[in-house]
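Since every read-out is calculated from the coordinates, none of them should be taken as a lab result. As the structure is a prediction and not an experimental result, all values here were calculated from the model. Don't worry about glycine lacking a Cβ; one is built from the backbone with ideal geometry, like all the others, and counts go over all protein chains shown.
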Amino acid sequence: MRQSMTGFAATEGAGQGFGWSWEIRSVNGKGLDLRLRLPDWIEGLDATVRKRVQAHVTRGSVSVGLKIAAEGGAGRLGLNTDALSDVLAALAKIEAEARVQGLSLAAPSPSEILALRGVMEEAQPVPDMAALRDALLADFDTALAAFVASRDAEGQALRGILDGQLARIGALTEQAAERAEARRPEQAERLRSQLARVTEHADSPDEARIAQELALIAVKADVTEEIDRLRAHVAAAESMLATGGAVGRKLDFLMQEFNREANTLCSKAQSAPLTEVGLELKTLIDQMREQVQNVE
């Protein structure tokens, strides 16, 4: 087991007249759900970021965001020639209409025209797109490495929790085996009592039928198979946790098998001490399954 599906990283950078910040975060998910919030005016950024995340992450709901803005606050002002043409055309129409009305208007000064909204505007920088994209991706790689490291660290902490829970499940399985063995005298006495009731009220008991019924009762009470399967599941889970890579799906399926055997153990217990162990197993398995939901 390598990673948890929970992680976070952020980084900031600047260059080519811009400042920016990257943020990557993830939570658990059934598969890889990758959501990108990137500016669409930087060509090729989306596809490259997606490919680099997929090279390191196989499961989880992952969000990648980039905020970018021109540096230096308000930019250099420039003349909007289209807006100026519209203003001058409007002034000409006003002067012509005034002459028709016999009015004489004072001509506006250049500074008054420049003060009109839209005539002067903040000039936007024209960046070198290739250089800007390379700088952004260099910082993204730094953020991605920190993000993967955070998932690794979460994975190590999660591994410690799962190891402890698995060891406890193994111990409870052995305790169940001991209690199943200890109930044998009680089971034998119960079988003798049931046999006595059957033969007592039967004129000519069918010995084959009685043997069949007793065998069925014994099978229904035998938990050897469930205990053997629990032991096998513990060994399989230990192997998965020791293996690198994404094992979350396999562990989640195995937890269902754990739960199935614990349920059967409880239904066959016919003994308060064995039932107690079975219920404790079910509780612990549920707790472990909740943790497994975070494994990549």
(message) Given a Förster distance of 25 Å, report the FRET efficiency between A167 and N28 from their Cβ-Cβ distance, rounded to the nearest 0.05.
(response) 0.60
(request) Please work out the Cα convex hull volume for region 77-122 and give it in Å³ per residue. (result) 57
(request) Please go through region 6-45 and write out the GluC sites (Glu not before Pro) that DSSP classes as loop and that have at most 15 other C-beta atoms within 10 Å. (result) E43
(request) May I ask for the net charge around E261, where only other residues with Cβ less than 13 Å from the Cβ of E261 are counted and Lys, Arg are +1 while Asp, Glu are -1? (result) +1
(request) Quick one: what are the phi-derived ³J(HN,Hα) couplings along region 173-185, Karplus 6.51/-1.76/1.60 with θ = phi - 60°, whole Hz, x for glycine and proline? (result) 4, 5, 5, 5, 5, 5, 6, 5, 5, 5, 8, 4, x
(request) For T243 paired with T264, estimate the spin-label separation in nm (one decimal), with each label point 7 Å from Cα along the Cα-to-Cβ line. (result) 2.3
(request) May I ask you to derive the FRET efficiency for K250 and L79 from their Cβ-Cβ distance with R0 = 45 Å, giving the value to the nearest 0.05? (result) 0.10
(request) Taking the Cβ of D139 as the centre, find all other residues whose Cβ is under 13 Å away and add up their charges (Lys, Arg: +1; Asp, Glu: -1). (result) -1
(request) Show me 103-112, 222-231 ranked by packing, highest mean number of other Cβ atoms within 10 Å first. (result) 222-231, 103-112
(request) Using a cut-off of 9 Å between beta-carbons, work out the net charge of the residues near R229 (Lys and Arg +1, Asp and Glu -1, R229 not included). (result) -3
(request) Just grab the label-to-label distance for R52 and Q291, each label 7 Å out from Cα along the Cβ direction, in nm (one decimal). (result) 3.4
(request) Would you list, by chain and number, the lysines whose Cα falls below 27 Å from the Cα of K268, excluding same-chain residues fewer than 8 positions away? (result) K220, K282
